[in-house]
Amino acid sequence: MINKRLLIKNLLSKNDENSFYDKKQKLSLHSKEGKAKFIKHVCALSNSNPDNNSYIVIGIQDEDNKIVGVDFFDDSKIQNLVNAYLNNPPKIEYENVHFPRLPRYKVIGLVTIYPNKAITSLAKNAWKYSKGTVFYRRGSNSIPAEDDFELKNTNKPIVEAIEKNARNNIELTLNGVFDFFNRHKKEYNPQYKVFKEQFVLCWAGKKFEVNEEVYFSRVDIELVNEQVRLFYSDLDDVKISYNEHSFIITEYIVLGIEKEHKHYPLEKTIINFKDNGIHDIATELLFEPPQFDKKILHHIYNNNNTIISKIEKGIPLSVTEHEDVLKLPTSYLICYLNGFLEASEKLKKAKTYIRNLEDKTTYVKFKEALRILRKVKYN
């Protein structure tokens, strides 16, 4: 098994960006430009590495290789994005890798692009890039290829050497378990379980009950062998179960208007561990959007739009409006799920204002709302 934290360190310390490795400070998949640039780099790395893995490391300051981190990204549908935009799309995997020096809520993103052995091209226009374009890597740049482009294997030996040096061992695994337990307070009840005599999974979360149903909050789940964070949530409530070969996470969100709030299942994630040293992760969206009184929602939606208009114009908010800002992410999310399809774009207009609030809880709710919207849109 490859220790992903060690792999990232090897990539950062031994290589500048090149034809098998790229680094970014962040991804912007919510914008057309950011989405197109990501697709371009995946296409270029795939075409430049027909016989070996290639990588994109996210959360790195480009000038000095400083590890700054990004938010946990749990979008299991990122493969769908690649499939939609590329002919002969490679298999890709996005993983969240914990680094001790980062805040608890930050990780380094690692995109692995698996060898494809076929020329990849744009299946449709993406921002300013034209349908049919073939990209490849020249040094650290992703550039359009000529019409006579051929796949060439030039990086396989060096990539195999880097991956070999990142193999896990008992010391790294034990250190990872101790580190996980030291990072989590006793009230979060850190635990571990060994699957198939080789996979070490650690998890922690604060246990509570609602109507005799057991949930966990502030959940953190990590596959220690690979130093990969499999799940992290500041707000959502989670049910956890496991058997001899699987670990199951069912994620719930609490939604409601006025005083009526309920738990709604959002997504189930099943981590399957196999005898051959391989694990896979399957996700199933369970969410059925709750429907609320349209008259009440119209009032909430119009009130929210008034607040957004004031924010854009720099008009001071009243005390009541300032209190309503704290509810914006959840109320706009509910509006969108009930047919107010412009609600997500309205919410994004308040991002800077919400991010600068002294109480950061609302900004966390803002990011959670966008994450849920992204899941719903993908499905």
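Here are the numbers for the structure shown:
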read-out: Degrees separating the helix 328-337 axis from the principal Cα axis of the chain, which is the longest one; value: 80 degrees
read-out: The chain, helix-only ellipticity at 222 nm - DSSP H runs n ≥ 4, -39,500 (n - 2.57), divided by all residues, nearest 500; value: -10000 deg cm²/dmol
read-out: From the coordinates shown, P(r) over Cα pairs in 20 Å bins from 0, in percent corresponds to which of (1) 25, 55, 20, 0; (2) 26, 59, 15; (3) 20, 37, 26, 9, 6, 1; value: (1)
read-out: FRET efficiency for GLU345 and ASN80, using Cβ-Cβ distance with R0 set to 25 Å, rounded to 0.05; value: 0.70
read-out: Spin-label model distance (nm) - LYS207 vs GLU258, 7 Å beyond Cα toward Cβ; value: 3.7 nm
read-out: Rg/Rh for region 1-148, where both radii come from Cα atoms and Rh is the Kirkwood radius; value: 0.95
read-out: Ranked SER344, SER241, criterion: other C-beta atoms within 10 Å, fewest first; value: SER241, SER344
read-out: Hypothetical label at GLU244: residues of region 179-220 whose amide nitrogen lies under 14 Å (7 Å Cα-Cβ projection); value: 195-197
read-out: Antiparallel content of DSSP bridges confined to the chain, in %, to 5; value: 95 percent
read-out: Stokes-Einstein D for region 170-285, Kirkwood Rh over Cα pairs, 4 °C, 1.567 mPa s (µm²/s); value: 86 µm²/s
read-out: Along principal axes, Cα extents of region 78-208, largest first, whole Å; value: 60, 37, 30
read-out: Semi-axes of the equivalent ellipsoid for region 294-378, Cα gyration tensor, largest first, Å; value: 19, 16, 11
read-out: Fewest-first sequence of PHE149, PHE287, PHE135 by Cβ atoms within 10 Å of each Cβ; value: PHE149, PHE287, PHE135
read-out: Relative frequency of Cα-Cα separations exceeding 15 Å in region 4-55, percent; value: 53 percent
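Bear in mind that the values in this text are calculations on the coordinates, not laboratory data. Model, not experiment: these values are computed from the prediction. In this analysis, Cβ positions are derived from the backbone assuming ideal geometry, glycine residues included, and neighbour counts consider all displayed protein chains.
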